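Engineer: My questions will all concern the structure given below.
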Amino acid sequence: VNYNVSFPLYAKGDVTGPAKQPLYAALTAEMPMKQGNAEEWREKLRGHGLSPTEDPEVLWNFEKFLIGRDGRVAARFSPATPPEDISLVGAIEVELAKAG
């Protein structure tokens, strides 16, 4: 039932602000700027009455962090970057080609 773990499997966690989870603090510290058109996404959020964050904070839940084989952040992409975007696919292929 609980997969033999003692921590919550599903819990909401902060990804921005002073209470952000340590994972997101580390990711954004290592790669403070994102690739892709983040400003376009910020305008969409403003159009819905939301206040978007500024770098280095995570902008939205579709933001992408690419972690290399060495465990470091290899790239960071804005939420506006679709999964099939050539820059994202290319970055993944570069990381996969590196020796493990």
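Engineer: Take the solvent-accessible surface of the protein heavy atoms, probe 1.4 Å, and return the percent of it on the chain that carbon and sulfur atoms account for.
Structural biologist: The computed percentage sits at 59.
Engineer: Another question, then. With viscosity set to 1.567 mPa s and temperature to 4 °C, compute the Stokes-Einstein D of the range 37-88, Rh being the Kirkwood radius across alpha carbon pairs; µm²/s, no decimals.
Structural biologist: 109
Engineer: Normalise the Cα radius of gyration of the range 17-63 by 2.2 N^0.38 Å (N = residues in it) and let me know the number.
Structural biologist: Dividing the Cα radius of gyration by 2.2 N^0.38 Å gives 1.17.
Engineer: Here's something else I'd like to know. Compare the peptides 44-51, 62-69 by average per-residue count of other Cβ atoms within 10 angstrom and give them in order, highest first.
Structural biologist: 62-69, 44-51
Engineer: Mind checking which helices in the chain clear 15 Å along their axis (Cα) and have mean Kyte-Doolittle hydropathy of 0.0 or more, DSSP H runs only?
Structural biologist: 86-97
Engineer: If you take all C-alpha pairs in the chain, what percent of them are over 24 Å apart?
Structural biologist: Counting pairs separated by more than 24 Å, the tail of P(r) holds 33 percent.
Engineer: Rolling a 1.4 Å sphere over the protein heavy atoms, what is the accessible area per residue of the chain, to the nearest Å²?
Structural biologist: 70
Engineer: With the alpha-carbon atoms as the only input, what is the per residue convex hull volume for the range 1-40 in Å³?
Structural biologist: Hull volume over Cα atoms, normalised by residue count, gives 138 Å³.
The values are calculated or read from the model by the stated rules, or taken from the named source; none is laboratory data. Being a predicted model, the structure only gives us computed values, none of them experimental. Virtual Cβ from ideal backbone geometry, glycine too; neighbours counted across all protein chains shown. Each accessible area value is taken on the protein alone, full model and side chains, heavy atoms only, with ligands, DNA and RNA left out. Shrake-Rupley method; radii C 1.70, N 1.55, O 1.52, S 1.80 Å.
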